[in-house]
Amino acid sequence: MNFYNREEAQQRMNDLAAKAIPFIFVINYEANCAVVVPENEVDANELKYCFNGKGNATHATLPANKNIEWCIDPPSESEYLKSFNIVRNAMLAGNSYLANLTCCVALQTNLSLLDLFNVAEARYRLWIKNKLVCFSPETFVKIKQGEISSYPMKGTAEDVSPSSAQFLMNNEKEAAEHATIVDLIRNDLSMVANNVHVERYRYIERLNTHRGPLLQTSSEIKGQLLPHLMHRPGDVIFSQLPAGSITGAPKKKTVEIIAEAENYHRDFYTGVMGRWDNGELDSAVMIRFVDLQQGNLYFKAGGGITAKSNWKDEYHEVIEKVYAPVCRNNKD
């Protein structure tokens, strides 16, 4: 499998689109390493994917007679608080008003990376042999019939009672965080599109996990792609990176802040993955992510921090997101 730098990947995406060759792409968080491969050349022994029902492995199936074992070792509260305070102090200094702070969680499970891919109930799934698995619920950018849209996902709560959805919608911190990201994505899309507007604001989606359902809020932002970019998906995608929903605002300064606060390398976590075919593009932010490092599995997760954030609540939200992507009723 070939990996390309930013310039090579961007040009390769544009060239394949110009030749009307369908392709898939996987780009890391720093946008300096990418896989870009024609769809008919994807080796299913090395890479499997299913993006909105399209791919070389479209059905999720739990391995026969296997109950899911799932044991996590998250950073300690003191470790998380140290990172949280770096972000918080930057906000008090006026350098950021929203930052997506993430961490690396050691994971022990009886499922392999490929098993995790196979059991995943997710809109977007990706497996790269001996490297990573991603089961993302978050659409990044779509292009269809000259229209570009983005779907930032911000705000999470456990679905534990009939009032859970209302509690999430009424949460002032979550509402402020979501509004900030929507504004950021509107600005990002305006670099490549006209008539950018919010089509749907802060709607709720329900996700299944092995511990029970989660609720998350998303919005839909649309615009008309600039004519000269219609067949240049590489230019479009790289102009939007890194994704606003997993960085913060203002984006450039916040990226510097979270680099200081996080004590690990994100690599492909919070990058983007997607598929282009016949002028249409569908892509996802690479959240809900496990990778393999020196024989050990790590689940990477995080959440948005604002001036109104409580560190214990944020710490709990990170742990909520470290889940096996399969409904409890399908455990065996």
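The values are calculated or read from the model by the stated rules, or taken from the named source; none is laboratory data. Given the structure is predicted, the values throughout are model-derived calculations rather than measurements. In this analysis, Cβ positions are derived from the backbone assuming ideal geometry, glycine residues included, and neighbour counts consider all displayed protein chains. Calculation scope for accessible area: heavy atoms of the full protein, side chains included, ligands and nucleic acids excluded. Shrake-Rupley method; radii C 1.70, N 1.55, O 1.52, S 1.80 Å.
Solvent exposure of segment 235-332 amounts to 37 Å² per residue of accessible area, where only protein heavy atoms count and the probe is 1.4 Å. Look at the dipole of the chain built from charges on Cβ: of ILE258, SER190, TRP70, the Cα furthest out on the positive end belongs to SER190.
The distance from the alpha carbon centre of segment 93-171 to that of segment 182-204 is 19 Å, rounded to a whole number.
Annotation for GLU77 and ASN2: the two label points, set 7 Å from Cα along the Cα-Cβ direction, are 5.2 nm apart. Placing unit charges on the Cβ atoms of the charged side chains and taking the dipole of segment 270-332 about its Cα centre, the candidate lying farthest along the positive direction among GLN293, THR270, SER309 is SER309.
Specify whether the C-alpha gyration tensor of segment 1-49 places it in the rounded, prolate or oblate class, a ≥ b ≥ c being the square roots of the eigenvalues: rounded for a/c under 1.5, otherwise prolate if a/b is larger than b/c and oblate if not. Since a/c reaches 1.5 but b/c is at least a/b, the shape of segment 1-49 is classed as oblate. The mean sequence distance of close C-alpha pairs (under 8 Å, at least 6 residues apart), as a share of the length of the chain, puts its relative contact order at 28 percent.
What lysines does LYS251 reach when the alpha-carbon gap must be under 18 Å and sequence neighbours fewer than 8 apart in one chain are set aside? Of all the lysines, those that pass the test against LYS251 - Cα under 18 Å, at least 8 places apart if same chain - are LYS154. Helix by helix, which DSSP H runs in the chain go 20 Å or more along their axis at the Cα atoms and have an average Kyte-Doolittle hydropathy of 0.5 or more? None clear 20 Å together with a mean of 0.5. Would you give the gap between the C-alpha center of segment 244-315 and the C-alpha center of segment 31-55, rounded to a whole Å? For segment 244-315 versus segment 31-55, the Cα centre distance is 20 Å. What is segment 11-161 by shape, rounded, prolate or oblate, if you read a ≥ b ≥ c off the alpha carbon gyration tensor as root eigenvalues and call it rounded for a/c under 1.5, prolate for a/b larger than b/c, and oblate otherwise? Note, shape of segment 11-161 comes out oblate. Only the Cβ atoms of Lys and Arg (+1) and of Asp and Glu (-1) were treated as charged; on that basis the dipole of the chain about its Cα centre amounts to roughly 300 debye. The order of the peptides 69-82, 282-295, 35-48 by mean Cβ neighbours within 10 Å, most packed first, is 282-295, 35-48, 69-82.
Highest mean first, the peptides 306-313, 119-126, 105-112, 138-145 sorted by other C-beta atoms within 10 Å per residue fall in the order 119-126, 138-145, 105-112, 306-313. The shape of segment 157-290 comes out prolate: with a ≥ b ≥ c from the C-alpha gyration tensor, a/c is at least 1.5 and a/b beats b/c. Taking a sphere under 12 Å around the Cβ of SER164 and counting the other residues whose Cβ falls inside, with K and R at +1 and D and E at -1, yields a net charge of -1.
The calculated 222 nm mean residue ellipticity attributable to helices in the chain amounts to -8000 deg cm²/dmol, summing -39500 (n - 2.57) over DSSP H runs of n ≥ 4 and dividing by all residues.
For the chain, which whole percent of the accessible surface, found with a 1.4 angstrom probe, sits on carbon and sulfur atoms?
45
Basic side chains Lys and Arg get +1 at the Cβ, acidic Asp and Glu get -1 at the Cβ, and with that the dipole of segment 135-265 about its Cα centre reaches some 300 debye.
When the alpha-carbon atoms of segment 242-332 are used, the pair Rg, Dmax equals 15.8, 47 angstrom.
With protein chains left intact and a 1.4 Å probe, residues in segment 25-96 average 53 Å² of accessible area per residue. Summing Lys and Arg as +1 and Asp and Glu as -1 over all other residues whose Cβ lies under 10 Å from the Cβ of LYS48 gives a net charge of 0.
My understanding is that a pair violates if its Cα-Cα distance is over 31 Å; which of LYS253/LYS321; LYS82/LYS222; LYS19/LYS253; LYS142/LYS321 do that in this structure? Exceeds cut-off: LYS82/LYS222; LYS19/LYS253. Computed about the Cα centre, the dipole magnitude for segment 48-181 is approximately 660 debye when only Lys and Arg (+1) and Asp and Glu (-1) carry charge, each at its Cβ. Site pair ASN95 and MET230 shows an inter-label distance of 4.5 nm when each label is modelled 7 Å from Cα along Cα→Cβ. Residue-normalised convex hull volume from the C-alpha trace of the chain: 127 Å³ per residue.
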